[in-house]
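The structure under discussion appears below in the form of structure tokens.
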Amino acid sequence: MHNRLNHFFYSFILLVISPLFLCAKGNPEALFAKGNSQYAKAQYKEAAQSYQEVLNDGYKSAEVYFNLGNAYYKMGEMAPAILYYEKAYKVTPGDQEISLNLQLANLKIADKIESVPEFFLTKWWKSFFLFFSAQALSGFAVAFLLLGFALLIVYLFAISISIKKPAFYAGIILLALGLLSIFIVSTQNSYLNSSSQAIVFNGTVNVKSGPDDKSKTLFVIHEGTKVTIKQNDNNWIKVELPNGNIGWVEVIAVKEI
């Protein structure tokens, strides 16, 4: 638990100070606005280039990923659209618009792979801790903790019992909510980064039984399919599909989320 709390505070500090350094490198807002203007004029290729320049400058956000995904979607390029929607989802997992666009993009790819059914409590818990973004949860944690400590200070120095009692209980509740927010953001971060995932970018990919071309072809997957990376072996990676099927593909066939 101590390590998880440390990880949260380091992540929170990075969330707060990183935009200051990133903005110093250039003018990402102008590039982002340029991309939005090009997108509004249906200049999707140019918009995608502008959004990509923002990312190349080191400024990464759910909005940039999402808009870049939208530009590729409009161009009919589903693999990069899904890739950037997935990147946006990792930053803001509770965003319904991102989830909807990701679902629409997945309807347009060749492979319709159903995931292994989850236990309903597991599914509920996952929906709960992914409802808010890490940035929002960090803000909640700070606000709850500050207000909680402030109310406990009121409790310590107030004279009237009618003030001391509600201040004490409200302070304890807010501190508990702050600690809960820290726990949830830590759980969310662990879940989103517990495994490496990738999107297939080659039109058709033969999934092999081993990490070489001479191995038996087990099945075929197509562009836009999401896989989980289980193991690396030189130029090959062992991948798992949402339905549990496992095999080997070449590294160049996918792009990591």
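The values are calculated or read from the model by the stated rules, or taken from the named source; none is laboratory data. Given the structure is predicted, the values throughout are model-derived calculations rather than measurements. Every residue, glycine among them, receives a Cβ derived from its backbone with ideal geometry; neighbour counts consider all protein chains shown. Note: areas computed on protein heavy atoms with side chains; ligands, DNA, RNA excluded. Shrake-Rupley method; radii C 1.70, N 1.55, O 1.52, S 1.80 Å.
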Open item on the list: Anything in the stretch 111-158 that is in contact with a strand residue (DSSP E or B) (Cβ under 9 Å, 6 or more places away or on another chain) and either assigned to a helix (DSSP H, G or I) or open to solvent by less than 40 Å² (accessible area, probe 1.4 Å) (or both)? List them, or say none.
Closed with: ASP111
Open item on the list: Restricting to the stretch 96-110, give me the number of residues that are surrounded by fewer than 18 Cβ atoms within 10 Å (Cβ to Cβ) and either within 20 Å of ASN67 (Cα to Cα) or at pLDDT 95 or above (or both).
Closed with: 8
Open item on the list: Any residue at all in the stretch 41-51 that's touching a helix residue (DSSP H, G or I) at 6+ places or on another chain (Cβ under 7 Å), more than 24 Å from THR204 (Cβ to Cβ), modelled with pLDDT of 95 or more and open to solvent by 50 Å² or more (accessible area, probe 1.4 Å)?
Closed with: yes
- [ ] Looking only at the stretch 205-223, decide whether some residue is at pLDDT below 95, part of a helix (DSSP H, G or I), touching a Lys or Arg at 6+ places or on another chain (Cβ under 6 Å) and open to solvent by 10 Å² or more (accessible area, probe 1.4 Å).
- [x] no
Open item on the list: Against the definition (in a helix (DSSP H, G or I) and under 28 Å from LYS90 (Cα atoms)), how does VAL185 come out, yes or no?
Closed with: yes
TODO: For residues that are hydroxyl-bearing (Ser, Thr, Tyr) and part of a helix (DSSP H, G or I), scanning just the stretch 159-171, find the one that is surrounded by the most Cβ atoms within 10 Å (Cβ to Cβ).
DONE: TYR169
TODO: Can you tell me which residue within the stretch 79-92, out of those that are in contact with a Phe, Trp or Tyr (Cβ under 8 Å, 6 or more places away or on another chain) and surrounded by fewer than 24 Cβ atoms within 10 Å (Cβ to Cβ), is modelled with the lowest pLDDT?
DONE: VAL91
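Test of understanding: among LEU152, LEU130, LEU177, which residue is more than 20 Å from GLY94 (Cα to Cα), of a type outside the set (Lys, Arg) and outside the structural domain of ASN232 (by TED's automatic domain parsing)?
None of the others qualify; the one that does is LEU152.
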Task: Filtered residues of the stretch 69-93 (kept if more than 22 Å from GLY139 (Cβ to Cβ), in contact with a Gly (Cβ under 8 Å, 6 or more places away or on another chain) and aliphatic (A, V, I, L, M)) - done: ALA71, MET78, ALA79, ALA81, ILE82, LEU83
